[in-house]
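Notes to accompany the following structure.
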Amino acid sequence: MIERAMALGREAEGMIRVLATISAEEGRLTRLYLTSEHRQAADLVGRWMTEAGLEVSEDTLGTVRGRLAPLPAMRNAVQRLLIGSHIDTVIDAGAYDGTFGVIAGILATREIIRKHGAMPFGIDVLAFGDEEGSRFPTTLLGSQSVAGRFDPAALQIESSDGVKLADALRLYGKDPDTIAPAAYEPGEAAAYVEVHIEQGPVLEEAGEGLGVVTAIASQGRYSVTVVGEAGHAGTVPMALRRDAFSACAEMALALESLARSHADDFMVGTIGKLNLSPGASNVIPARIVFTVDLRSQSDVRRVEAMNVLRAEFLAIAERRGVSVWIEQTHEAKAEPCDPSLQAGFAAAITAQGGKAIHLPSGAGHDAQSLAALCPIGMLFVRCRGGISHNPAEFTSIRDMGLAVTALIDFIEKFDPAEATRG
């Protein structure tokens, strides 16, 4: 079994390396939604799906789909197992986040075709284009459309370079008025499963290559604008300043303190992006726009914490003589993984000699969107040092191979009726 896993792992590594060459920047990996790099990656993934024996299509939001029909005797059955992840990246990314899940789905389904021809249920492998939200101030657009939850208002949001989503879709060759047909019909999807690197250190600490995800964390993203007053850096006394950046710095510490006080709930808070103006070394900052990312294992605790944080930001602004506006840009509720799908992945792990570690996901995933459509399950794969969203991101050939073989075993034993009952 290990020889088979190693062969599949080497194949996955080779595909990941090829995909990693598709980048908008020399010397680092950056592949954003609805760009020429997204187009190249989608075409390459579509070609791999075709070579694996899948029927390939692409919907309006740019999700590439590889479809395997069920056994001929079951062609009237509508239920399908969905397997997916994403092919977009953060800026200066690692090569494994998202892309390995797509590749694992392609390789596993190819092996199913070689061994069985088909299964009693259909299989769709999905390659989403917008999970990271690195270009537009939203995320999960492709998976939301597949789940029938796409909000048409999102078509008016603008990227950091001032391009509306609707216009970006047109430039990509899509018609924004044809998004609705991307959704699966009610009852069509039996389950959605996703293979993903852990992006954390738990599996490495446990000495195990694979783990079973129990739930995906609740997440809120916010845009915060602080407005003070510009002034000469040498002539305005400290006590008379309305420094937007100093207020922002105090707000950042308030966020850190709040998240630390909820450590028992795995709460984390991050300011990942900040724009400052006027941006001169000898001018007091007049305006700051920054992001807040707040996550928790509980929707209720996250919302309560954000209400506390909002009050603290307002108090800081009042003390410092600045103004502050807080706008929510994204929300994803905590989503539990289906018990039968967890059991299926646990059995697949133990069948190849591993120990099934169960753990929650602090990161958001396309599975959160699909939970509105069908039961969800996730298989985590160990990554070195728990590092992700970083060029140092790494998952071994062995662990990737074990993940693909576990996914094959899961598919072979998957029963749509069990997933539906939960």
Taking the options ILE87, ILE83, ILE16, name whichever one is among the aliphatic types (A, V, I, L, M), over 21 Å from LEU370 (Cα atoms) and within 21 Å of the chain's Cα centre (by Cα).
-> ILE16
Scanning the stretch 11-24 residue by residue, those surrounded by fewer than 15 Cβ atoms within 10 Å (Cβ to Cβ) and in contact (Cβ under 8 Å) with a residue 12 or more places away in the chain turn out to be ARG17, VAL18
Which one is farthest from PRO360 (Cα to Cα), of the residues in the stretch 234-258 that are among the hydrophobic types (A, V, I, L, M, F, W, C) and touching a helix residue (DSSP H, G or I) at 6+ places or on another chain (Cβ under 8 Å)?
-> ALA247
Within the stretch 338-352, can you find the residues that are in contact (Cβ under 8 Å) with a residue 24 or more places away in the chain and more than 15 Å from PRO416 (Cα to Cα)?
-> ALA346, ALA347, ALA348, ILE349, ALA351, GLN352
Sort out which residues of the stretch 133-189 are within 21 Å of the chain's Cα centre (by Cα), among the hydroxyl-bearing types (Ser, Thr, Tyr) and closer than 20 Å to GLY98 by Cβ, and write them in order of number.
-> SER134, THR138, THR139, SER143, SER145, SER159
Within the stretch 315-325, is there a residue that is of a type in the set (Phe, Trp, Tyr), surrounded by fewer than 22 Cβ atoms within 10 Å (Cβ to Cβ) and in the same structural domain as ALA263 (by TED's automatic domain parsing)?
-> yes
In the stretch 17-41, what residues are in a helix (DSSP H, G or I), closer than 23 Å to GLY162 by Cβ and basic (Lys, Arg)?
-> ARG39
Counting only helices (runs of 4 or more DSSP H) entirely within the stretch 104-215, those with at least 2 residues that are buried (at least 17 other Cβ atoms within 10 Å of the Cβ), in contact (Cβ under 8 Å) with a residue 24 or more places away in the chain and in contact with a Ser or Thr (Cβ under 6 Å, 6 or more places away or on another chain) are 141-146
Scanning the stretch 101-117 residue by residue, those touching a strand residue (DSSP E or B) at 6+ places or on another chain (Cβ under 6 Å) and over 18 Å from GLN40 (Cβ atoms) turn out to be GLY101, ALA104, GLY105, THR109
Mind listing just one residue for me: the one in the stretch 132-176 that is of a type in the set (Asp, Glu) and at pLDDT below 95 and, of those, farthest from VAL289 (Cα to Cα)?
-> ASP151
Could you list all residues from the stretch 51-71 that are farther than 15 Å from SER145 by Cβ, of a type outside the set (Asp, Glu), touching a residue at least 12 places away in the same chain (Cβ under 8 Å) and not in a loop (DSSP other than H, G, I, E, B)?
-> ALA52, GLY66, ARG67, LEU68
Taking the stretch 170-192, which residues are of a type in the set (A, V, I, L, M, F, W, C) and in contact with a helix residue (DSSP H, G or I) (Cβ under 6 Å, 6 or more places away or on another chain)?
-> ILE179, ALA182, ALA190, ALA191
Which condition number in (1) farther than 15 Å from THR99 by Cα; (2) touching a helix residue (DSSP H, G or I) at 6+ places or on another chain (Cβ under 6 Å) is the one that PRO416 fails?
-> (2)
Condition met for ALA233 (under 30 Å from PRO201 (Cβ atoms) and of a type in the set (Gly, Ala, Ser)) | no
Only one of ASP88, ASP92, ASP43 that is touching a Phe, Trp or Tyr at 6+ places or on another chain (Cβ under 8 Å), more than 21 Å from ALA190 (Cβ to Cβ) and of a type in the set (D, E, K, R) | ASP88
Among VAL268, VAL303, VAL322, which is the only one that is closer than 18 Å to GLN368 by Cβ, among the β-branched types (Val, Ile, Thr) and in contact with a helix residue (DSSP H, G or I) (Cβ under 8 Å, 6 or more places away or on another chain)?
-> VAL268
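The values are calculated or read from the model by the stated rules, or taken from the named source; none is laboratory data. None of the values given here were measured: they were computed from a predicted structure. Quick reminder, even Gly has a Cβ in these numbers, built from the backbone with ideal geometry, and neighbours come from all protein chains shown.
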